Amino acid sequence: PFRALALYDSAKIFYDRSIDLLRKLNASGRLAFGFKNLGRLHVLQWKNGEAEQSFGKALEIYEAQNNKHGIADTWFSLSDVSKNMADFPAAIQYVERACAVNEEIKDEFLEILCLHHRGEIKYRLGEFADALKYYFEALAILKSKDMPSYLASLYANIGDVYRGLGQNDVSLKYYEEALKLAERIGIKYDIARLYTGMAWIHKEQHKF
């Protein structure tokens, strides 16, 4: 909850304590999960080197266990680090490796992540039509699931694409849907991001 509430210092304290305890208990599976969540905190803070190190530690554990779900999920997270650094060839490589693993294990959650990450890369590269294709494929699966945080993120990303296309009214519609979900579950980072996006649209429309 501290990470969702943007209380990052508190989140870091508890992740560090958890990781220290899990090491003492030799609970390797949960330890990998701890490193992965610490990495995700670093991604939000744009501490890309630290994030890469944490994800690397998680990946090492998952590979030793041959945990394919964990490996794929961590590769998706490493793609976020590469996207932060605008290293899109590396981001694409991580995403495609993760998606290839999911072709073997056929996990629906990983399928959503695969489509979502492919869409995000296409958006960052300015390939808006392809980005929407992947996003709407993910949305078709996600709408039947009880995963409001992922749905909020997906709506926000769709709003970003329509804003890039200059379709501001459509963009606002998706931002507003995302904001309803983000405010309901209290994801401060997404709430701030959505208000910023909506403000830029109003600025472009001269609605000062």
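General remarks:
- Among the residues of the stretch 192-208, the ones that are in a helix (DSSP H, G or I) and open to solvent by less than 100 Å² (accessible area, probe 1.4 Å) come to 10 in all.
- Of the residues making up the stretch 168-189, those that are in contact (Cβ under 8 Å) with a residue 40 or more places away in the chain and either of a type outside the set (A, V, I, L, M) or within 17 Å of PHE128 (Cβ to Cβ) (or both) number 3.
- Scanning the stretch 11-23 for residues that are surrounded by 13 or more Cβ atoms within 10 Å (Cβ to Cβ) and without any contact (Cβ under 8 Å) to a residue 12 or more places away in the chain returns a single hit, LEU21.
Yes/no per residue for (1) touching a Phe, Trp or Tyr at 6+ places or on another chain (Cβ under 9 Å); (2) crowded, with 23+ Cβ neighbours inside 10 Å; (3) closer than 22 Å to SER153 by Cα; (4) touching a residue at least 24 places away in the same chain (Cβ under 8 Å):
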{"residue": "LEU31", "(1), (2), (3), (4)": "no, no, no, yes"}
{"residue": "SER54", "(1), (2), (3), (4)": "yes, yes, no, no"}
{"residue": "LYS57", "(1), (2), (3), (4)": "yes, no, no, yes"}
{"residue": "ASP87", "(1), (2), (3), (4)": "no, no, yes, no"}
{"residue": "ILE92", "(1), (2), (3), (4)": "no, no, yes, yes"}
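- Restricting attention to the stretch 62-85 and to residues that are free of Cβ contacts under 8 Å to residues at least 24 places away in the same chain and in a helix (DSSP H, G or I), the residue that is least open to solvent (accessible area, probe 1.4 Å) turns out to be SER82.
- When GLU50, GLU60 are checked against the criterion of being over 20 Å from ALA4 (Cβ atoms) and at pLDDT 95 or above, GLU60 stands alone in meeting it.
- Hey, LEU44 out of contact with any His (no Cβ under 6 Å at 6 or more places or on another chain) and touching a residue at least 60 places away in the same chain (Cβ under 8 Å) or not: yes
The values are calculated or read from the model by the stated rules, or taken from the named source; none is laboratory data. Since we're looking at a predicted model, the values are computed, not measured. Quick reminder, even Gly has a Cβ in these numbers, built from the backbone with ideal geometry, and neighbours come from all protein chains shown. With ligands, DNA and RNA removed, areas are computed over all heavy atoms of the protein, side chains included. Shrake-Rupley method; radii C 1.70, N 1.55, O 1.52, S 1.80 Å.
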